[in-house]
Structures are given as structure tokens and as C-alpha cells.
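Heads up, the thing below is written out as C-alpha cells.
The values are calculated or read from the model by the stated rules, or taken from the named source; none is laboratory data. Since the model is a prediction, treat every value here as computed from it, not as a measurement. Glycine gets a Cβ as well: all are built from the backbone with ideal geometry, and neighbour counts include every protein chain shown. Accessible surface is based on the protein model in full, side chains and every heavy atom, while ligands, DNA and RNA are left aside. Shrake-Rupley method; radii C 1.70, N 1.55, O 1.52, S 1.80 Å.
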Amino acid sequence: MRVPFSWLEEFLPDLQASLLDRFMAAGKPDTTTLAFQPISELSQLLNGIGLEVDIIDVLPGAPTGVVVARVDEVQPIEGSDHLLKTQVSTANSQHTVVTGAPNTKAGMLTALAVPGTHLPAMNMIVDAREMVGVPSEGVLCSPKELGLYDYAGGLIEFGNDLNPGDALDELWPIETVIELEITPNRADAFSLLGVARDIAAKLGITLHHPAEGIPLADTSVETGYTVRVDTPDNCPRFTLAVIEGVQVAPSPLWLQRKLAAMGLRPRNNIVDITNYVTFELGHPSHAFDGDALVDKTLVVRNAQDGEQLRTLNDDELTLTNRDVVISMPTSAGSQDTQPISLAGVIGGLNDSVTEDTSNVALELAHWNPVTIRKTAKRYGISTDAHYRFERGVDPNLPPAASARAAQLIAELAGGTRHPGLIDVGGPKPLHQVAFRSERVKFLMDLDVPEADQKRYLSALGCNVDDSAVPWQVTAPSWRFDIAIEEDLIEEVSRMHGYDDIPDTIPQMSFVPPEHDVTHRTLRAQLATMGLQETITYAFTGPSELAAARAPEATVTLSHPQGIERSVLRTALYPGLLTAAKNNQREDRLALFEVGRVFAEHEREHLALLIQGTWVTGSWLAPVPVDFYVFKGLLEAFAELSGSELVLEPASADSAPHLHPGVSARVYWQHADGQTHDVGYMGRVHPRVEAAFDLPETYIAELKLPLDKLTRNFNDIARQPYAERDLAIVLPVEISYASLSHTVKQAAGSKLISLLPFDLYTGSNITEGHKSLALRLRFRDDSRALRDDEVDSFMANIMTAVRHAGYDIRS
């Protein structure tokens, strides 16, 4: 947001005096007024109230020696296709000047640089010379040649508020502009009024509201126009005012100067006023040529797919039904309408103000911010109007802003305000917040007297009822970001001064969160186990997903940086594989990542990757990474989580990115027996390894959060355990996980440990079978178990094993 200092002073007549008082009050004993710099003092104040100063820009004034001149005659020059011979007059002299500006016309007032004038913007000194045989006594200047604003497409044109011979450097002086970096929640500060209101509240000085005292139009008076809103969700309010008998002409110099300081090119008095009010009050508007509106009717509706609209910048848009348009009947008496404006974004070319406009229909509306943002992004259009509407404008401002703009149009264009106003939708009710003044001290540790708190809030536009506790504070319509008590505390704090917040650490008792939403504990556990955290791109490409055999993308970016970053990832492991590929020089990799994936639903996952040598040492033989090393790592991780790792063979269809013979489905099993399916682990499929040019690599991808149970701590057992061994003959395809499930169910609650200790195939074992030896331990916490009791447990187990179709090896 650009804030010209001279314009700001119109809102705050006492600004410089108040800034000087502030400077003197904060100064050292040797401080003098000679050191006072109002812009510097204002910048510090703005930073202190949350309106961060980004740039201070000093705009040059008009060059010395440039005067206002009237073009009296214009003649084409023979032998040239664009040069013109003009006769121009100043106060007491006439000059012959050659120009090629396309907008040159008799009767216009423009700028003449006489011979000897220095034009700093062009780094040239004007001299008298001959062009195509015609003497030229100076230069008729464009705004860019004068260094006033960036437009070189024609001569600068002045209104009738200036006279030939006026020295332009006296009329267009240097301007200082403060550019602010406004946060998105402070939509009210995207106007001079909003910034001035904050400064006035901070300094306790009078704010001059430019629309105050202007009579509002009467909604009960017919205007002769008709407005229909077919999509009230996208257009909660629409107003239309009428100004009759206008004359379109160049704007007065004061208006041109202000728009130039805002970075805009002045156009004409009507368009310039709509832009002026946008920056002054913060509410965009659009002026239609009233005589060009068929049946004097406007309809706000959703566009139809394929409808065309030619915009003010002469672009042809093909609309969709997600766009909102202002339309008018296609012909007199027709019920069909055609778009004439892309609502809240940009106006249409054919029905806006032209040089011949005599009646203006002035629209000010309140649009749905989400719709405006999506529409502007869809077409790549950025305008001052859309920038404000997408952040939110004051829904109750249109009548006052309309009156301000209509009055200016009537004054500067010689028209007459129609007394009526069309207002569809009406005002929005204000929001009330309960406020406890003592909470400022509690939350911010600031001692702000209640009287000051009330003064700050009132100066910001709030209605404060402090007759009871809590106070009832009604937020103004332009501060829709004030919704809860903490918002009001923030307003009091920034007005009082963030610099006064104590730098001591407040007393607090730390309570660990019930849910580790940032997975800090999980990250610490994995780092402790020797893995390094990795952060990869959430954006990826179809080729990377295909190479990794990951699920196809479901979310495609509308404006990607490139095809390799055109979709959102559906799994984490492709990013880890790419990271491993980029670190091939390392003989050992152990990586993990916690992040979001975007398949049918957005979810958080954990992915792990290991390869190379897991254990190295000078006296131990290196231990290469294999399936069992990886399984042991996951088991240790599960134990830290208060769970037990359970694996089942994974099918090739369920995990196509993993080796079909060296992969497993991962379950988290808790002490209460509940088992949760959390993902897959195993060796990367050889073809995927080849696609990423990787050696033997192991990965796992698990769904978060990994459910945990509260740990139960028991006394150390005082009773001995009874141990038994049992060898079971079963088909080789039967997994240990399946067998252990059968044994544990039959063993009963006294079984405290079950471990395999021997695997045998060979003589005396039927082909296609294996002998798996198990060691079982039983214990009762209250007494020693008798042998006959343990024998009974073992008998139950052997019965269950035989019932499952397996044999007991003697």
C-alpha cells in the first residue's frame, strides 16, 4: 500500500505537530528540533503499530523550465507519416513545435519544455532544432519524459484548472511516498483512510473523514435503472448511483498528482475519480456509460460456459460458470443478457466511460472474496480492485463511498447527482465481542489503564459499552478481522506499544501435549536410532511416480514450475529414492521423512530408507543391510512406541514397488491385542532400483499417527518362570507370525514369552516342510507354577497345533 505523505496530511491536519511532540518527548536532553524528520518519525510509528514500512520513495517533481502550453493549431507534416507541426501558446509567447504524439489535438493543455530546459528523466537538454524541414522551438512532453509517471504513449494532458504559462515545477513538486507491507488480515489498511485511522488512534489526534457530511442518496427515490442480483452468495450487496450531464475531460492537476503517486496513469475525470476513491476509502467502483446500458438494466449472475467478454485492457476472455459477471440485456426488451464486466476484477471495454459519455451509472458492490480470488487467478489478472475485494472490503461502506464518488464526479465533470440510489442487499449487521480489560495484563503483561483501552478501541471505530463486566465491544464493519476477545487485546496492545512488552520470561507450567501433532517425539526416536531426517518436495512429476511405482497423482497444479513439479505426491518413498540417487557416493544411508501425501485423501505418512552397511567397526565385521536388519530396526521403533511389530507377507498387487519375495505388510500390535494396519516394508523392487540407479535398498512407508497405548509398569516378578521347548513340523509357506498366533491363543494368560530358536529342513523332515523350534516361558506372578500345570498348558498348545494341521516333532 502506497501512502503519499502530503495526501495523508489531508486526513490528519495535526500530523506534523503531533509527530514533533512525540519526537521531543522521546528525545535525549541534547535533542533539538533541527534533528526532527517527520517521515522518519512516522515510519517508526507505523512499524510500531504493525503497519510495516517497506520502502520510502521520493518522487521527483516536474523539471524547472517546463510550462503549461495550449495547442492552438495542428498540421500534418508533408513527407512524414506521423510527425505533426503545432502552434502552441504560453502566457506571452507562441512557439512552433514538432511532435509525433498520437493524442495531439487543438485546444488541449499540455507541457512544453522550452530550449535550455534539462529533462533529468531523459538525460537531455532541450534545444531548438529543425525536423524534416520544420523548425521546432522546444519539446511537447509525455509524462515519462517529465519523469512524473511511466507513460510514453502520448502527451500529458491537463484540465482547465491550469493556465498557459504556469510553471509546472511549482504545481507538481517533489512527493514522498511511504510504501507499507500490509498483512492479509488488515484489509482495512489498504486505503489512506485505514492507515490514517490507525495513526490518529495512536497519536490521539483528529481524523478528517473525506466522506463525512456528504448527504447519502435516497434508496426510496427511483433512479430509472433496474438492478437484479441472481447470485446473492457471490454479491451480498450491490449499489448503483446516477450522475447526469457530465462532460468527460482531463482531471485537475491535484487528482493527477495523487494517482501518479499511487503508480497509476491518469485517464479522465470520471475514471480517475473511481480510482481515487478506491485508494482514498478502500472501496473499488466502476463507472458505466448510462446511455449504453440496454433498458438501463444490470443483472449480476454467474457466467455461462463459453461466454465472451472483451475487457478494458482489450483482452478477449472466454468465461466459465464459476465466474460472476455484471450483464445487461442483449437487446431492448430481451430477457437474455450479455456480460459487460467481470465482477470485482475488471470492467468491460464496450460499456464503460468514453469521451462522449454524458450520463454515468456508478456501481459499488460487495463481492465474495473467494470467488474474486479464484476468478482473478484463473485469468491471470491483477487489478487494484481485485486485490482489495479478495482480501475483503467494508460491506457497509458502499452508500457513503458512492456518495463521495458521485459528488466528486458532479464537481469535476459538471454533472448533477441523481437523488436516488439502488441498494440491493442492504447493510450487514455488526459483530459484538465480550471483552475483559484485565486480560490485556494477563496475556500481554502490559499495564494499560482501562480508560486508555476504551480510548484506543473507540478511536479505531469500535463501540464500547463498559457499563458491565465483561465489556460489550461492537467491531466496526471495516474490521471483520475482529472476531474474538484476543483480537481486541491485540488492538489495545499495538496501540499502547509492543515495545512496552516486558522481556522477562513469563511463569508457566509445562504440560506435555496429549497428542504429539508435530511428531517431535517420533523424530527424536528415529534420530536416536541413527536415521537422518529428510525433507523432500511435496511437488513431484508423473515420471517420478511412475518410476517408483507409486499411485498415480490425483492433484495437478494449475500453474506448475515445470513438468517435473506438476503434481502433488501420493507417497513419500519416491522422494527418498531420489534423495538416495543423489547421494550415491555414500556407502551408508539411513533416511526418514515425515510429511503429507495427497492420494484420495490428504494424510500424514512416515517413510524410512536404508541401504549399504548398517554396522561398521574396526574389530567387527561389517553388517550389511538386509531384510532382517530392517525388520529389527522397525521392531525397536515399535517397542519405543509401546507396540509390537507384526509382519505378514505382502502380495505383489498390494505393494508393486517392493520385491515380491522380500516384502511385508506392517501391523502395530498393542499389549491389549489390538492390531492396526499401518503400511508396508521390504526391499525395493529390482526394476525400481534400476530406474533410480540404486543398489539393494530397503524402504517402509507407514500411516501416521502410529497409535500408542499408555504404558503399564509392574513390579519385577518375584516368581520363577517355567520353560519348555517345542518343535513343530509345518509347511514351509506357513509364516512364523501365523504359527505364533495359533500358539499364543492356545497357551493362555500365563505365557510370558515365545521365541523361535531353531529352523531345520533336511533328513527326517517331509519335503516341502520345515521344523521350527519354539521356546516358551510361563509364569504366575503370585506363586510358582507346578509341573502338571505347565504340562497342561503345553498339552493345549499341542492340541491346537495338530488341529491346525501341523505335527509335533519328537
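Side notes on the structure shown:
- Candidate set: the range 253-269, residues that are assigned to a loop (DSSP other than H, G, I, E, B) and open to solvent by less than 20 Å² (accessible area, probe 1.4 Å); chosen: the one nearest to residue 58 (Cα to Cα): 262
- The set of residues in the range 560-592 that are in contact with a Ser or Thr (Cβ under 6 Å, 6 or more places away or on another chain), surrounded by fewer than 21 Cβ atoms within 10 Å (Cβ to Cβ) and closer than 16 Å to residue 701 by Cβ contains only 579.
- Of all the residues in the range 453-473, those that are closer than 25 Å to residue 209 by Cα and either surrounded by fewer than 16 Cβ atoms within 10 Å (Cβ to Cβ) or among the basic types (Lys, Arg) (or both) number 5.
- Remark: pairs (first residue in the range 479-501, assigned to a loop (DSSP other than H, G, I, E, B); second residue among the small types (Gly, Ala, Ser); Cβ separation under 7 Å; 6+ apart in sequence or on different chains) = 479/461; 480/392; 482/475; 497/48.
- Residue selected from the range 593-602 under the condition of a type outside the set (Val, Ile, Thr) and surrounded by 13 or more Cβ atoms within 10 Å (Cβ to Cβ), by the criterion modelled with the lowest pLDDT: 599
- Hey, residue 20 open to solvent by less than 20 Å² (accessible area, probe 1.4 Å) and in a helix (DSSP H, G or I) or not: no
- Selection within the range 130-144 - surrounded by 12 or more Cβ atoms within 10 Å (Cβ to Cβ) and without any contact (Cβ under 8 Å) to a residue 24 or more places away in the chain: 144
- Selection of the range 339-350 for residues being in a loop (DSSP other than H, G, I, E, B) and buried (at least 22 other Cβ atoms within 10 Å of the Cβ) yields 343, 344, 345.
- Looking at the range 640-741, the strands (runs of 3 or more DSSP E) lying wholly inside it that each contain 3 or more residues that are at pLDDT 90 or above sit at 658-669, 675-684, 697-703, 722-731.
- Count of the range 524-538 residues which are open to solvent by 50 Å² or more (accessible area, probe 1.4 Å) and of a type in the set (Gly, Ala, Ser): 2
- In the set 433, 393, only one residue is touching a residue at least 40 places away in the same chain (Cβ under 8 Å), more than 28 Å from residue 256 (Cα to Cα), within 32 Å of the chain's Cα centre (by Cα) and buried (at least 18 other Cβ atoms within 10 Å of the Cβ); that residue is 433.
- Residue check for residue 121: surrounded by 14 or more Cβ atoms within 10 Å (Cβ to Cβ), at pLDDT 90 or above and part of a loop (DSSP other than H, G, I, E, B): no
- Condition check for residue 682: closer than 30 Å to residue 588 by Cα and loosely packed, with under 12 Cβ neighbours inside 10 Å: no
- Here the range 168-197 is the region considered, the condition is being more than 17 Å from the chain's Cα centre (by Cα) and open to solvent by 30 Å² or more (accessible area, probe 1.4 Å), and the residue that is farthest from residue 12 (Cα to Cα) is 169.
- Every residue from the range 664-675 that is open to solvent by 60 Å² or more (accessible area, probe 1.4 Å) and touching an Asp or Glu at 6+ places or on another chain (Cβ under 7 Å): 665
- Of all residues in the range 544-559, those satisfying the criterion of being exposed (fewer than 12 other Cβ atoms within 10 Å of the Cβ) and either of a type in the set (Gly, Ala, Ser) or outside any loop (DSSP other than H, G, I, E, B) (or both) are 556, 558.
- Some residue of the range 752-764 being modelled with pLDDT under 90 and at positive phi: yes
- Within the range 757-807, the residues that satisfy the criterion of being loosely packed, with under 14 Cβ neighbours inside 10 Å and in a strand (DSSP E or B) are 757, 758, 759.
- Yes/no for residue 74 being surrounded by 20 or more Cβ atoms within 10 Å (Cβ to Cβ) and not aromatic (Phe, Trp, Tyr): no
- Filter pass, residue 804 being farther than 30 Å from residue 640 by Cα and among the hydrophobic types (A, V, I, L, M, F, W, C): yes
- Check on residue 238, part of a strand (DSSP E or B), under 30 Å from the mean Cα position of the chain (by Cα) and among the aromatic types (Phe, Trp, Tyr): yes
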